[in-house]
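Some notes on the structure that comes next.
The values are calculated or read from the model by the stated rules, or taken from the named source; none is laboratory data. None of the values given here were measured: they were computed from a predicted structure. Virtual Cβ from ideal backbone geometry, glycine too; neighbours counted across all protein chains shown.
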Amino acid sequence: MGVRTHPNSLLQDLDLDKEQFQDLLTLAAQLKQEKLHGDEVERLGRQNIVLVFEKNSTRTRCAFEVAANDQGARVTYLGPEGSHLGREESVADTARVLGRMYDGLAFRGNTQDTVEQFAEHAGIPVWNALTDEWHPTQSLADILTMTEYHGGDVEDIAFCFTGDGDSNVARSLLVTGALLGMDVRIAAPAGLQPPRDVVAAAEKAARSSGARVLVTDDLDAAVRGADFVYTDVWVSMGEPDDAWAARVPSLLPYRVTDDVLDATGRPGVRFMHCLPAIHNRDTDIGARLYQQFGVEGAEVTDEVFESHRSIVFDQAENRMHTIKALLVRSLGG
C-alpha cells in the first residue's frame, strides 16, 4: 500500500491556494534579490533532490539544478534513458526506492497518472515539472513575471493565452489566473479549447476569487484590454510530427503578430512564451514549416519575439527563482 501523498507535493496548480501561491511569489522575489546582490543564504544544505525526466528539457532541468545548487542541495538527474522506469521497474517500485534515498523528487514526463503514482508511493515531496495535462512550475514563473511588469495588484492583471488552449500551459494558466482573481482569457479554435472539467474548475475558483474567465474562439475579443499576450508551441513534445499538418491551418489565425498586440489597446502590452518558440527558420521545425506551409515562424512572428515588447527571457530566468522558492518552502521551511 502506498504512502500518503506528502503535503508539500505540487502535482497540479489547484494544489495551491491563493495564499500559498502568493507566498511562493514573495519568497521567489526575495531569493531573486539575494542572488542578484550576492548575499543568498543556503537553506537546503545536505538535502538531496532527484530529477526523473521522461522528456528532454532545457529551462526546467537547468532551473531545478541551479536553484538546488544555489541553496546547498545536491541533485541527481535521471534522463529518458537513465533508469529502469517503465521498462524493467514499475513507477511504484521506482518511487519507493527513490523515496528512501532522496528528500524531494521532480518528475517531467507524459501522463499525470505517473507523477501522481510517484507522489503516492515515494513518501517525500514530489513536484510536477511538466506532464501532458499540467505545468505548475511554469505558471509560477509566469505570474511572477507578470507582477514584475505590471506593478499593481495581481487581481488587476488581464492576460490572454492564444493558440492551443488544450495544452498543459494553457490549462495551468487558466486555473491559476482564476485562483488568483485575475482577468484570464483563452483564445483557441473550438477543437483546441481546455477540457470542460478544467474550465469548470477555473469557474469554480473564480466564484471565490472574483476572477474573470473567458474561453472563446474570438481572438479580437480575447485580447482587447489584455496587459499580456501569451502563446506556446502548436505541437508539444511527444506528439507526432504529422500533427503540424492539422494544427497549422486551424491555428494560423491565432498566431501572435504586431497587429494582435496592437489590438489589445494597451501601449505597454507585453508578449510572453514559455519556450522553446518557433519564430523563424533557424530550427529544424521552423525550416520544415516554411517549406511545407510558407510560414515564417509559427505561433509568433520573429518581429514580435525579438521586439521590446517581448519578455520571454525574463520568464525563462524566473523559472529558476520560482522553483527555488518551491524547493525552499517544501524542504527548508
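Worth pointing out:
- Any hit, segment 163-184, residues being over 28 Å from Lys55 (Cβ atoms) and surrounded by 24 or more Cβ atoms within 10 Å (Cβ to Cβ): yes
- The residues of segment 286-326 that are of a type in the set (A, V, I, L, M, F, W, C), touching a residue at least 40 places away in the same chain (Cβ under 8 Å) and out of contact with any strand residue (DSSP E or B) (no Cβ under 7 Å at 6 or more places or on another chain), listed by number, are Leu289, Phe293, Val295, Ala298, Ala316, Met320, Ile323, Ala325.
- The sole residue among Leu192, Leu180, Leu173 that is within 12 Å of the chain's Cα centre (by Cα) and either within 17 Å of Ser9 (Cβ to Cβ) or at pLDDT 95 or above (or both) is Leu173.
- Matching residues in segment 204-240 - criterion: being of a type outside the set (A, V, I, L, M), under 20 Å from the mean Cα position of the chain (by Cα) and surrounded by fewer than 16 Cβ atoms within 10 Å (Cβ to Cβ): Gly238, Glu239
- Taken over segment 286-313, the criterion of being assigned to a helix (DSSP H, G or I) and either in the same structural domain as Arg61 (by TED's automatic domain parsing) or of a type in the set (Val, Ile, Thr) (or both) is satisfied by Val304, Val312.
- Neighbours by Cβ (under 9 Å, 6+ apart or cross-chain): first from segment 223-240, on the phi > 0 side of the Ramachandran plot; second outside any loop (DSSP other than H, G, I, E, B) and of a type in the set (A, V, I, L, M): Gly225/Ala158
- Checking each residue in segment 285-333 for being over 17 Å from Asp232 (Cα atoms), among the charged types (D, E, K, R) and at pLDDT below 95 picks out only Arg288.
- Comparison of Ala95, Ala106 shows that the only residue that is crowded, with 21+ Cβ neighbours inside 10 Å and in a helix (DSSP H, G or I) is Ala95.
- Failed condition for His273, given (1) under 26 Å from Ala63 (Cβ atoms); (2) more than 18 Å from the chain's Cα centre (by Cα): (2)
- Remark: pairs (first residue in segment 56-79, on the phi > 0 side of the Ramachandran plot and touching a residue at least 24 places away in the same chain (Cβ under 8 Å); second residue surrounded by fewer than 19 Cβ atoms within 10 Å (Cβ to Cβ) and outside any helix (DSSP H, G or I); Cβ separation under 7 Å; 6+ apart in sequence or on different chains) = Gly72/Glu42; Gly72/Gly45.
- Count of segment 140-156 residues which are closer than 19 Å to Lys204 by Cα and either crowded, with 24+ Cβ neighbours inside 10 Å or touching a helix residue (DSSP H, G or I) at 6+ places or on another chain (Cβ under 6 Å) (or both): 1
- Check on Gly152, part of a loop (DSSP other than H, G, I, E, B), in the same structural domain as Arg270 (by TED's automatic domain parsing) and either in contact with a strand residue (DSSP E or B) (Cβ under 6 Å, 6 or more places away or on another chain) or touching a residue at least 60 places away in the same chain (Cβ under 8 Å) (or both): no
- The lone criterion from (1) out of contact with any Phe, Trp or Tyr (no Cβ under 6 Å at 6 or more places or on another chain); (2) of a type in the set (D, E, K, R); (3) outside any helix (DSSP H, G or I) left unmet by Asp164 is number (1).
- Residue pairs whose Cβ atoms lie under 6 Å apart, separated by 6 or more positions or on different chains, with the first residue in segment 17-44 and closer than 17 Å to Phe64 by Cα and the second of a type in the set (Lys, Arg), are Leu31/Lys324.
- Of the candidates Glu116, Glu133, the single residue that is closer than 30 Å to Val199 by Cβ and not in a loop (DSSP other than H, G, I, E, B) is Glu116.
- Filtered by the rule that a residue be in contact with a strand residue (DSSP E or B) (Cβ under 8 Å, 6 or more places away or on another chain) and assigned to a loop (DSSP other than H, G, I, E, B), segment 211-256 gives Ala211, Asp217, Asp218, Gly225, Ala226, Asp227, Asp232, Arg255.
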